[in-house]
Amino acid sequence: MTTPESGGRHGFQAALDDLRNDVIKLAALVTEAIGAATHALLDADLALVDQVIADDRQIADLNHHIELGA
């Protein structure tokens with residue numbers, strides 16, 4: 001991620017763009033996870049439940065990355 005200090009106004013805009021892109025990616029991952037979790041619940045699909053839980057690590061990692069950079 002670009003830091004605001006690395007280039008004045010341009011650096012700040014680049015950092016905002018990176019943050020925006022990360023938040024959009026996070027929203028997409030969460031949307032997919034909600035759909036998969038709903039499907040797993042309605043179909044009692046334990047294998048899909050395990051996959052949703054495993055995929056949550058990527059969501060948590062990206063969330064942590066966003067919090068550190070914001």
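The values are calculated or read from the model by the stated rules, or taken from the named source; none is laboratory data. Just so it is clear, the structure is predicted and the values come from calculations on it, not from any experiment. The accessibility values were calculated without ligands, DNA or RNA, using every heavy atom of the protein model including side chains. Shrake-Rupley method; radii C 1.70, N 1.55, O 1.52, S 1.80 Å.
Miscellaneous remarks
- Candidates Ala47, Ala60, Ala54 - the one that is assigned to a helix (DSSP H, G or I) and open to solvent by less than 50 Å² (accessible area, probe 1.4 Å): Ala60
- Filter result for Ala15 (open to solvent by 60 Å² or more (accessible area, probe 1.4 Å), modelled with pLDDT under 95 and of a type in the set (Gly, Ala, Ser)): no
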